[in-house]
Amino acid sequence: MIVRAEVAVAQLHSVRPSVLVTKRIFPEAIELLERYCEVDYEATDDGLPAEQLLRRARGKQAIVSQLTDKFTADVINQLQGIRVIANVAVGYDNVDLDAATRAGILVTNTPDVLTDTTADLAFGLLLAAARRIVEGHQFVHSGQWKNWAIDLLAGYDVHHKTLGIVGFGRIGRAVARRALGFSMQILYYDLERAPAEVEQELDARYVSLEELLRNSDFVSIHVPLNSNTRHLIGARELGLMKPTAILINTARGPVIDEEALVRALREGIIAGAGLDVFENEPRVHPGLLELRQVVLTPHIGSASIETRRKMCLMAVENALAALRGERPPNLVNPEAWKGN
Ligand code: NAP
Ligand code: GLV
């Protein structure tokens, strides 16, 4: 007996839908896509400017995209026949979701598989900024190390300090789990209070954003970027933080007002920062480049080989599901789903 999924796959074989892949992804994901689809693959890291993207999307039914592809309302309104935009990222702020929903285009993301990897990097930035690991590396590497000294590159303790987590979702909670191993106290702020068992497991206390900022030694940002979170952390919020506090951002650059952050760091309003994301990537505010108390990484939160491979495969599986007429597993605009 042929099961329903096999019938669906057989249908896919006979129809051979067309898919645009906008940037280089892991080869396993391309191989999977090519089993069922005609693939127009932009196998570079450059990305496609809007007019090229629109031209190449003509006659296609799916797009496998990345967070650097900007699907504005204007772009979306010019797409024709596209059933799904499968983003290789958990964040989907690069897609105007309302416009996609109005156009009946399904949008998918890649949650969960990158949670621990991104939390690892957030915690790595926290440790690196607090214990001046990058400065230490540069000091040794450049031959400046002449002697042991009592306060040489002395930083801040991490253990037993207070960590404030802004956005207590998948990654925020995974960071809290790591902090437990360092005997840290955890405060969190989110739109909603977490279930009691989660608070208990992570020994986390729900507080207002203001209380979190006033009382935390480290503040780690894990909210998605949207109209409510853009510049959630600005001059006023930075001013509430301790002068010894360190701010970590592995979410999205525009959640922090970068200009205000540079000022706060220069004026000693806060002590340091660990940043993986920036307001105008890949451009970094020149002020950040001049500050020794800042650790910077190039948006590599989820960048382990294993995780990036999983993300690529997951995005392709989302696209294939939509092309088979099934509800994709990681649909972020269920309002666009009309059923089969
Ligand atoms: P998630 O599970 O959805 O967690 C986000 C949390 O923030 C949710 O609990 C959400 O609440 C909450 N939130 C939303 N708006 C808020 C607001 N205005 N104030 C306070 N809390 C708010 O997402 P995730 O998987 O943890 O990922 C978080 C973000 O990290 C992604 O959106 C992405 O931008 C970023 N990221 C970056 C990297 C990197 O490479 N650096 C890697 C992975 C992810 P609701 O659920 O109620 O909305
Ligand atoms: C990376 O930034 C992601 O959102 O997955």
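The values are calculated or read from the model by the stated rules, or taken from the named source; none is laboratory data. Predicted model, so just to flag it, every value in this text is computed and none were measured. Quick reminder, even Gly has a Cβ in these numbers, built from the backbone with ideal geometry, and neighbours come from all protein chains shown. The protein model used for the area step is the full one, side chains on, heavy atoms only, and it has no ligands, DNA or RNA in it. Shrake-Rupley method; radii C 1.70, N 1.55, O 1.52, S 1.80 Å.
So if each residue of separation counts as 0.36 nm, and I subtract the Cα-Cα distance between Phe182 and Phe139, what length gain in nm does that give? If you can, show how the numbers build up before the last one.
Working: separation 43, 0.36 × 43 = 15.48 nm, distance 2.66 nm.
Net length gain for the segment: 12.8 nm.
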Expressed in angstrom and ordered largest first, the alpha-carbon extents of the stretch 115-296 along the principal axes are 53, 33, 28
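Accessible area per residue, 1.4 Å probe, Å², for the chain: what's the number?
Accessible surface, normalised per residue, equals 49 Å².
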How do the peptides 32-43, 278-289, 256-267, 88-99 rank, highest first, by the average count of neighbouring beta carbon atoms within 10 Å per residue?
88-99, 256-267, 32-43, 278-289
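In square nanometres, what is the average projected area of the Cα convex hull of the stretch 2-133? It would help to have the intermediate numbers written out before the result.
Details: hull surface 42.0 nm².
The directionally averaged projection comes out at 10.5 nm².
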With Cβ to Cβ distances under 15 Å as the rule, what net charge do the other residues near Ala73 carry (K, R +1; D, E -1)?
-3
Direction-averaged shadow area of the convex hull around the Cα atoms of the chain, nm²?
20.1
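Can you list the equivalent-ellipsoid semi-axes of the stretch 206-260, largest first and in whole Å, using the square root of 5 times each Cα gyration tensor eigenvalue? Present the calculation step by step, with values, prior to reporting the outcome.
Values: eigenvalues 59, 29, 22 Å².
Semi-axes, largest first: 17, 12, 11 Å.
Filter the GluC sites (Glu not before Pro) in the stretch 175-213 to those in DSSP coil with at most 12 other Cβ atoms within 10 Å of their Cβ, and list the result. Display every interim value, and only then the final one.
Working: sites: Glu192, Glu197, Glu199, Glu201, Glu210, Glu211; in loops: Glu192.
Here the GluC sites (Glu not before Pro) that fit, given the DSSP loop and packing criteria, are Glu192.
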Distance in nm between Arg205 and Ile150 label points, each 7 Å along Cα→Cβ, equals 3.5
Would you mind pulling out the separation of the Cα centroids of the stretch 240-292 and the stretch 138-200, in Å?
16
Of Val15, Gln78, Leu331, farthest towards positive along the dipole that unit charges on Lys, Arg, Asp, Glu beta carbons give the chain
Val15
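Kindly give the semi-axes, whole Å and largest first, of the ellipsoid equivalent to the stretch 272-340, taking each as the square root of 5 times a Cα gyration tensor eigenvalue.
On the way: eigenvalues 283, 42, 14 Å².
Working through the eigenvalues yields semi-axes of 38, 15, 8 Å.
Quote the charge dipole size of the chain about the Cα centre in Debye, to the nearest 20; the model charges only the Cβ of Lys and Arg (+1) and of Asp and Glu (-1). Could you put the intermediate results ahead of the total?
Numbers: 37 positive and 43 negative charges, 66 e Å.
Here the chain has a charge dipole of around 320 debye.
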Where does helix 115-130 land angle-wise versus the long Cα axis of the chain, in degrees 0 to 90, nearest 10?
20
Taking the Cα atoms of the stretch 98-200 alone, what are Rg (to one decimal) and Dmax (as a whole number) in Å?
19.4, 66
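I need the peptides 151-162, 75-86 ranked by packing, meaning the mean over residues of other C-beta atoms within 10 angstrom, with the highest value on top.
Details: 151-162: 13.4, 75-86: 19.7.
So the peptides 151-162, 75-86, ranked by packing, come out 75-86, 151-162.
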Grab every C-alpha pair in the stretch 189-340, bin the distances at 10 angstrom width from 0 up to the longest one, and report whole percents.
10, 30, 29, 22, 8, 1
If you roll a 1.4 Å probe over the stretch 115-296 with all protein chains in place, what percent of the accessible area is carbon or sulfur?
51
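Of Lys23/Lys60; Lys23/Lys338; Lys70/Lys338, which sit over 22 Å apart, Cα to Cα? Before the final figure, lay out the partial values.
Working: Lys23/Lys60 16 Å; Lys23/Lys338 29 Å; Lys70/Lys338 25 Å.
Distance filter (> 22 Å) returns Lys23/Lys338; Lys70/Lys338.
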